[in-house]
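Q: Below: one structure in structure tokens.
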Amino acid sequence: MTVFFHYSLHGFANVYLVGNDTTMEAAIVDPAAFTIGLLNFIEDKGYTVKAVLTTHNHPHHIDGLRTLLRIYDATVYSSNATIGDVQCRMVRDTEVFTVCGLEVQALSVPGHSADSMVYIFDKIIFTGDTLHAGLIGKTMSQYGNKLLKEQLSRKILSLSDDCLVLPGHGPPTSIGAEKLYNLGWRKTKEDIRNDQYDLFV
Amino acid sequence: MYELKRCAAPGCDITALHGSEYCSKHHPDPDGLSASILQEFTGTDVIKNLNASGLRFQGADVSGKRFYSCSFSRAILQNMNFSACTFRMCFFDFSFIDSSDFSGIDAQYCCFAGARFLNVSFEHSELVHNSFNGARTNDCTFNYSNLYNSRFIMSEFEHTDFIDCNLKRTFIIPNKESEVSWRLSNTQEAIRELDRIDQ
């Protein structure tokens, strides 16, 4: 398995190409934009894109999907039945499936968005916008924030420290680093107030 | 990406090192393996998919080489010369880097999270899209470097200079700053508060 990274100026998002060097088939994770540069790169490497994995359906992660599907006949994997007018192969929480001959596990990690999925290829984790280097995904409510933290600590931080985290934005990281150096786990003033309140319950 | 084959030691889930069946903990001769890896470097300028996590490298000159998808996680690098090297998607998380030269490097999409830097120079480097979260630096210099989109969250800086650096979209939220110079750097374009994050 080979993983390539492409920085998309559209939303400053990360696009990933996961290639199977035996079959020369490849999957794209989050096609934020599908540029001529990315197309040339895929063709130069000799891959055929057979799958697209979307972590969630925010524009900065899927805007290149329609262009990509005009060039490649690829199956789109998502937790949604459709993205725009594109039919998707729906994936469910904890489902294990095969993409381009590579085994993937999908984990549902809602909070940043209801449809957020994380994809795990062996020790490589594509976290989309759920977990970034040093930060957790932006949420629209305190409920969303709590839900995201709870889901991340249960499903993602429980993975081994040497797992590599490749997020939807920003630099790569590892599970070990995120356990120690993520501002998302810092308690807010609200949490501290609630803790104090809980003492008397 | 380096091979994610597991260490052959029973019950060990850590990935095996380059050219070995074992991880650095279970390898019978890790120093011998480090020496043979350095020997391999001499014949090539491009190093791809190398897993050297947890190994110790000392006193070698690998300047100008290009590293792609390599792991030096938890490695010990002492008196190393990495000047003018290129790094893409390389991992140095939790490594210990002492008295080494990383000046003039071009590092993109790399992870130095939790690393410990003592007397290390990154001067005149392209350090774009890298994580230095939780890194601790003593007597280090990042002067005249481009730190676009890199992150220094929960880092600790002591006697460290960031003179004339590009800090556009750089996250600088350190836990500790002592004797740090940001002179001539565009600190107003750095992200120093979480309110400015839009992702």
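Q: Would you mind checking the pairs A:K179/B:K48; A:K123/B:K65; A:K146/B:K5; A:K149/B:K48; A:K146/A:K179 and listing those with alpha carbons more than 25 angstrom apart?
A: Over 25 Å Cα-Cα: A:K179/B:K48; A:K123/B:K65; A:K146/B:K5; A:K149/B:K48.
Q: In whole Å, how far is the Cα centre of region A:38-89 from that of region B:16-54?
A: 37 Å
Q: Determine the relative contact order of region A:20-90: mean sequence separation of Cα pairs under 8 Å and six or more apart, normalised by residue count, in whole percent.
A: Reported relative contact order: 31 percent.
Q: How far apart, in nm, are two points set 7 Å out from the Cα along the Cα-to-Cβ line at A:L9 and at B:S63?
A: Here the modelled spin labels are 3.4 nm apart.
Q: What distance in nm separates the simple spin-label points at A:K179 and A:S153, each placed 7 Å from Cα in the Cβ direction?
A: Taking the two extended label points, one gets 1.4 nm.
Q: Considering the convex hull of the alpha carbon atoms of region B:66-199, report its projected area averaged over all viewing directions, in nm², one decimal.
A: For region B:66-199, averaging the hull's shadow over all directions gives 6.9 nm².
Q: Taking a ≥ b ≥ c as the square roots of the eigenvalues of the Cα gyration tensor of region A:1-110, is the shape rounded (a/c under 1.5), prolate (a/b larger than b/c) or oblate?
A: Oblate, because a/c is 1.5 or more while a/b does not exceed b/c.
Q: Okay, next question. Could you compute the FRET efficiency for B:D98 and B:Q188, with r as their C-beta to C-beta distance and R0 at 22 Å, rounded to 0.05?
A: On the way: r = 34 Å, r/R0 = 1.53.
Efficiency, rounded to the nearest 0.05: 0.05.
Q: Right, next: Would you grab the residues whose amide H sits under 5 Å from the one on B:I14? Only those 5+ places off in sequence or on another chain, please, with H modelled 1.01 Å from N.
A: Those qualifying (amide H under 5 Å, at least 5 residues apart or on another chain) are B:C7.
Q: Over chain A, what is the relative contact order in whole percent, taking alpha-carbon pairs under 8 Å and six or more residues apart?
A: Details: 418 pairs, mean separation 29.0, N = 201.
It rounds to 14 percent for chain A.
Q: Compute the angle between helix B:30-42 and the longest alpha-carbon principal axis of chain B, please, reported from 0 to 90 degrees and rounded to the nearest 10.
A: Helix B:30-42 sits roughly 70 degrees off the main axis of chain B.
Q: Now for a different question. Using a Gaussian network model of chain A with C-alpha springs under 10 Å, which one of A:P31, A:P172, A:P110 is most mobile by mean-square fluctuation?
A: A:P172
Q: If you don't mind, another one. Compute the Rg/Rh shape ratio of region B:1-144: radius of gyration over Kirkwood radius, all on alpha-carbon atoms.
A: Ratio of gyration radius to Kirkwood radius: 0.95.
Q: Could you give P(r) for region B:8-54, binned at 5 Å from zero, as whole percent values over all Cα-Cα pairs?
A: Bin by bin from 0 Å, the calculated values are 5, 22, 31, 22, 12, 6, 2, 0.
Q: So which residues in region B:156-186 end up with at least 40 square angstrom less accessible surface once the other protein chains are there, compared with the chain by itself, probe 1.4 angstrom?
A: Correct list: B:R169.
Q: May I ask you to evaluate 6.51 cos²θ - 1.76 cosθ + 1.60, the Karplus curve with θ = phi - 60°, for each residue of region B:86-93 and list the ³J(HN,Hα) values in order in whole Hz, giving x for glycine and proline?
A: In residue order, the calculated couplings are 10, 10, 10, 6, 10, 10, 10, 5 Hz.
Q: Now, a different point. Where does the Debye-calculated log10 I(q)/I(0) of the protein assembly as shown sit at q = 0.07, 0.13, 0.15 Å⁻¹, using only Cα point scatterers of equal weight, no solvent?
A: -0.32, -1.13, -1.45
Q: Given an 8 Å cut-off on Cα distances and at least 6 residues of separation, report the relative contact order of region B:89-130 as a percent.
A: After rounding, I find 48 percent.
Q: At q = 0.16, 0.24, 0.25 Å⁻¹, what is the log10 ratio I(q)/I(0) for region A:55-107, with the Debye formula run over Cα points and no solvent?
A: For the requested q values the scattering log ratios are -0.50, -1.05, -1.11.
Q: Pulled fully out, how much extra length does the chain show between A:I36 and A:T23, if you take 0.36 nm times their separation in residues and subtract their Cα-Cα distance?
A: Contour length minus the Cα-Cα distance gives 2.3 nm.
Q: Then there's this: Return the carbon/sulfur percentage of the accessible area of region B:134-199, one whole number, probe 1.4 Å, all protein chains in place.
A: 39 percent
Q: Say we join alpha carbon atoms closer than 10 Å with springs in a Gaussian network model of chain A; which of A:D21, A:D122, A:D44 then has the biggest fluctuation?
A: Greatest mean-square fluctuation among the candidates belongs to A:D44.
Q: What residue among B:L167, B:G59, B:N49 has its Cα farthest toward the positive end of the dipole of region B:44-175, where the charges are +1 on Lys, Arg and -1 on Asp, Glu, each on the Cβ?
A: Highest projection toward the positive end goes to B:N49.
Q: For the protein assembly as shown, with every protein chain kept in place, what is the accessible area per residue (1.4 Å probe, Å²)? Before the final figure, lay out the partial values.
A: On the way: 16780 Å² over 400 residues.
Heavy-atom SASA per residue in the protein assembly as shown reads 42 Å².
Q: State, in square angstrom and to the nearest 100, the accessible area buried between chains B and A, both chains counted, probe radius 1.4 Å.
A: The summed interface area works out to 3000 Å².
Q: Amide H neighbours of B:D106 under 5 Å, counting only residues 5+ apart in sequence or on other chains, H built in-plane at 1.01 Å?
A: Amide H neighbours of B:D106, under 5 Å, 5+ apart: B:C85, B:T86, B:F87, B:E126.
Q: Additional query: Comparing A:V15, A:V49, A:V96, which has the greatest mean-square fluctuation in the GNM of chain A with Cα pairs linked when under 10 Å apart?
A: A:V96
Q: Here is a further query. What percentage of the solvent-accessible surface of region A:88-173, computed with a 1.4 Å probe over protein heavy atoms, is contributed by carbon and sulfur atoms?
A: Accessible surface attributable to carbon and sulfur in region A:88-173 totals 53 percent.
The values are calculated or read from the model by the stated rules, or taken from the named source; none is laboratory data. Owing to the predicted nature of the structure, the values given are computational and were not obtained by experimental measurement. Please note: Cβ atoms are built from the backbone with ideal geometry, for glycine as well, and neighbour counts cover all protein chains shown. Side chains included, ligands, DNA and RNA excluded: accessible areas come from the protein's heavy atoms. Shrake-Rupley method; radii C 1.70, N 1.55, O 1.52, S 1.80 Å.
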